[in-house]
Amino acid sequence: MDYLIEGIDPAPYAHLFGLDDAALAAHGAVRMVADKAPGYPCRVSLEDAAPGTAMLLVNHTSRTDAGPYRASHAIFVTEGAELPARFRNTLPPVFGPRVLSLRGFDAGGMMVDARLAQPGEAEAALLALLADERIAEVDVHNAVRGCFAARARRA
């Protein structure tokens with residue numbers, strides 16, 4: 001089965017790029033500098049930032065549905081990121097070292113099924129969820145911290 005995983009659009013966060021710490025704080029954001037890898041997963045590039053890379057920690061609404069699964073959480077965006085990454089039939093590097101929670105949603109935004117995947121198990125879990133015709137998309141979260149990682153759809 002063909003699938004597509006895309007990074008988030010950085011445009012909603014571009015106005016934060018280059019702001020000083022006080023201005024970022026007024027927007028509920030924080031600048032951090034990656035000091036290890038992995039550890040700072042960019043949701044645009046879907047790669048861990050290299051040490052020394054400036055990252056913005058922002059709140060991101062990953063599920064915008066009006067229903068009970070509406071969700072937001074803190075995510076990292078590489079400061080200056082321009083284009084979302086696209087991965088077709090392959091997992092992004094950021095998934096590799098992490099325990100992931102995969103949550104399958106129908107077209108109405110209701111969760112149909114979910115899986116927990118240890119490192120190396122994410123693709124099998126993703127394909128199992130996408131094999132269910134009721135599932136329109138799969139939200140992938142980092143299980144330990146709970147934050148949104150990416151969304152997958154059938155390609």
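The values are calculated or read from the model by the stated rules, or taken from the named source; none is laboratory data. Since the structure is predicted, the reported quantities are computational estimates derived from the model, not experimental observations. Quick reminder, even Gly has a Cβ in these numbers, built from the backbone with ideal geometry, and neighbours come from all protein chains shown.
If residue 63 satisfies all but one of (1) basic (Lys, Arg); (2) within 30 Å of residue 133 (Cα to Cα); (3) surrounded by fewer than 13 Cβ atoms within 10 Å (Cβ to Cβ), what's the number of the condition it fails?
(3)
Determine whether the stretch 5-18 contains at least one residue that is within 16 Å of the chain's Cα centre (by Cα), exposed (fewer than 13 other Cβ atoms within 10 Å of the Cβ) and without any contact (Cβ under 8 Å) to a residue 24 or more places away in the chain.
yes
Restricting the first residue to the stretch 83-99 and requiring it to be at positive phi, which pairs with a second residue that is of a type outside the set (A, V, I, L, M) and not in a helix (DSSP H, G or I) meet a Cβ separation below 8 Å and a spacing of at least six or different chains?
Partner pairs satisfying both residue conditions: 89/2; 89/3.
How about the stretch 31-60: which of its residues are buried (at least 16 other Cβ atoms within 10 Å of the Cβ), small (Gly, Ala, Ser) and under 15 Å from the mean Cα position of the chain (by Cα)?
Result: 45, 49.
What number goes with the only condition from (1) out of contact with any strand residue (DSSP E or B) (no Cβ under 8 Å at 6 or more places or on another chain); (2) of a type in the set (Gly, Ala, Ser); (3) modelled with pLDDT of 95 or more that residue 74 does not pass?
(1)
Sort out which residues of the stretch 34-64 are touching a Phe, Trp or Tyr at 6+ places or on another chain (Cβ under 8 Å), in contact (Cβ under 8 Å) with a residue 40 or more places away in the chain and in a loop (DSSP other than H, G, I, E, B), and write them in order of number.
Those that are touching a Phe, Trp or Tyr at 6+ places or on another chain (Cβ under 8 Å), in contact (Cβ under 8 Å) with a residue 40 or more places away in the chain and in a loop (DSSP other than H, G, I, E, B): 43, 46.
Can you report the number of residues in the stretch 115-155 which are over 18 Å from residue 63 (Cα atoms) and either among the β-branched types (Val, Ile, Thr) or part of a loop (DSSP other than H, G, I, E, B) (or both)?
9
Tell me which of these residue 83 doesn't satisfy, since it passes every other one: (1) closer than 13 Å to residue 41 by Cβ; (2) among the hydrophobic types (A, V, I, L, M, F, W, C); (3) part of a loop (DSSP other than H, G, I, E, B).
(1)
Could you list, in sequence order, all residues of the stretch 101-153 that are of a type in the set (Lys, Arg), loosely packed, with under 15 Cβ neighbours inside 10 Å and either under 16 Å from the mean Cα position of the chain (by Cα) or under 28 Å from residue 78 (Cβ atoms) (or both)?
Those that are of a type in the set (Lys, Arg), loosely packed, with under 15 Cβ neighbours inside 10 Å and either under 16 Å from the mean Cα position of the chain (by Cα) or under 28 Å from residue 78 (Cβ atoms) (or both): 145, 153.
Would you confirm whether any residue within the stretch 71-84 is under 29 Å from residue 22 (Cα atoms) and hydroxyl-bearing (Ser, Thr, Tyr)?
The answer is yes, given that some residue of the stretch 71-84 is under 29 Å from residue 22 (Cα atoms) and hydroxyl-bearing (Ser, Thr, Tyr).
Filtering the stretch 67-99 down to residues that are surrounded by fewer than 19 Cβ atoms within 10 Å (Cβ to Cβ) and of a type in the set (Ser, Thr, Tyr), which residue is nearest to the chain's Cα centre (by Cα)?
Top of the filtered list is 72.
Which condition breaks for residue 45 when tested against (1) over 23 Å from residue 120 (Cβ atoms); (2) touching a Gly at 6+ places or on another chain (Cβ under 7 Å)?
(1)
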